[in-house]
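To start, the structure itself, in structure tokens.
A short reminder: the numbers here are calculations on the coordinates, not readings from a lab. Not measured: the values here are computed from a predicted model. Backbone-built Cβ (ideal geometry, glycine too); neighbour counts: all protein chains shown.
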Amino acid sequence: MEKLNSLKVAQVLRERGISIFTPLDFQRIFGVSFYSSKNFISHHIKTGLFIKAKNGVYVFSENKPPEFLIANKLYQPSYISFETALSYYHIIPETIYTIFSATTKPSREFEVMDKIFNFHRIKKGLFFGYRPQKVKGTTVLIAEPEKAIVDYLYFVDLKKKTLNERINIRKVSKEYIKKIIKLYRRKSLLNLLEKIL
């Protein structure tokens, strides 16, 4: 596409089902220079075609992405975990309004389209146990139930979170949880697990 125009851009994004992107994604999709893509995006934030999620991450306003996909794209590498994943898997009964994710980067919080996205830093060696999963028709990275439990308990053990007394781990693999916990090398974490079993 030689010259970008908003109607064609919207049509291509619509047809390809693209709801969130970076200037580099945009450059690849439309075959324009990085400079052109940045200029087009910043101009069309003003027209309302795009919404700025943060510097370098933009949302197509006509096709707003699911919150889990926003979280995955907002701060990479990351995967959905902690209370958000526990609520998603019905391990805790509450609806969680903040979207919690694990990352290897410094902990950060963002507000995008009136939603809080919270990223907790974990060591690189503990950044595993997540998988691509279809949520609301979109593939996102989310912790396996057992890993979400251990991530959460780890932060409870670090006194960075409070234990939810209604956590229910009856339907998950206790053996797999114990296997994951061993990799954290914290006896107190095992004690905490015994407390909720």
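Compared with the dominant principal axis of the Cα atoms in the chain, helix 187-196 is inclined by about 90°. Among the listed options (1) 38, 15, 14; (2) 28, 19, 15; (3) 27, 25, 18, the one matching semi-axes √(5λ) of the Cα gyration tensor in Å as calculated from these coordinates is (1). Couplings for the stretch 134-146, taken from phi via the Karplus curve 6.51 cos²θ - 1.76 cosθ + 1.60 with θ = phi - 60°, read 7, 10, 6, x, 10, 7, 10, 8, 9, 4, 5, x, 5 Hz in order; Gly and Pro are left as x. Summarising the amide proton neighbourhood of Val112: residues at separation of 5 or more, or on other chains, whose placed amide H is nearer than 5 Å comprise Phe117. The shape of the stretch 6-60 comes out rounded: with a ≥ b ≥ c from the C-alpha gyration tensor, a/c is under 1.5.
How far is helix 34-46 tilted, in degrees, relative to the longest principal axis of the Cα atoms in the chain, given as a value from 0 to 90 rounded to the nearest 10? For helix 34-46, the angle is close to 80 degrees. Remark: spin-label model distance Arg166-Ile196 equals 1.4 nm, labels positioned 7 Å along the Cα→Cβ axis.
Please give the calculated 222 nm ellipticity per residue for the chain, where each DSSP H segment of at least 4 residues contributes -39500 (n - 2.57) and the sum is spread over every residue; nearest 500 deg cm²/dmol?
Details: 8 runs with 81 residues, N = 197.
The helix contribution divided over the chain gives -12000 deg cm²/dmol.
Between Phe34 and Val12, the modelled labels are 1.8 nm apart [label points 7 Å from Cα along Cα→Cβ].
Couplings 3J(HN,Hα) of the stretch 155-163, computed from phi: 6, 5, 4, 7, 6, 9, 9, 9, 5 Hz, in residue order, whole Hz [Karplus 6.51 cos²θ - 1.76 cosθ + 1.60, θ = phi - 60°; x for Gly and Pro].
Charging the Cβ of each Asp and Glu at -1 and of each Lys and Arg at +1, and nothing else, the dipole of the stretch 64-197 about its Cα centre rounds to 560 debye. The distance separating the Cα centre of the stretch 131-197 from that of the stretch 61-108 comes to 15 Å.
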